[in-house]
Amino acid sequence: MDLRTDYLTILQASKRYGWARSSVNRWCREGWLPAVRVGERWLIRAADAATCTPPPRGPQGKKRKRTRTA
């Protein structure tokens, strides 16, 4: 196992596949993209990133309504 060739960071995966860095981070957190947390970094197997199909997008252009708490 060679960490330099077998695994990608979020930044490397986002640059290689043209994904937004924040999206890759969210996919790792939510389990859409298999990854291992090492300290404060996510490591993604290059083979998993190559076969990953990004999750469907939600409705675009709609802002979330904020609720106020008393």
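Brief remarks on what is shown
- Measuring only protein heavy atoms, the 1.4 Å probe finds V38 accessible over about 80 Å².
- Net length available on complete extension from T51 to S23 is 8.5 nm, with 0.36 nm assigned per residue and the Cα-Cα distance removed.
- Stretchable slack from E30 to L11, in nm (0.36 nm times residue separation minus alpha-carbon distance): 5.1 nm
- In order through the stretch 17-22: 3J(HN,Hα) via Karplus (6.51 cos²θ - 1.76 cosθ + 1.60), integer Hz, x for Gly, Pro: 10, x, 9, 6, 4, 5
The values are calculated or read from the model by the stated rules, or taken from the named source; none is laboratory data. This structure is a prediction, so every number in the text was calculated from the model and none was measured. For accessibility, only protein heavy atoms count, side chains too; no ligands or nucleic acids. Shrake-Rupley method; radii C 1.70, N 1.55, O 1.52, S 1.80 Å.
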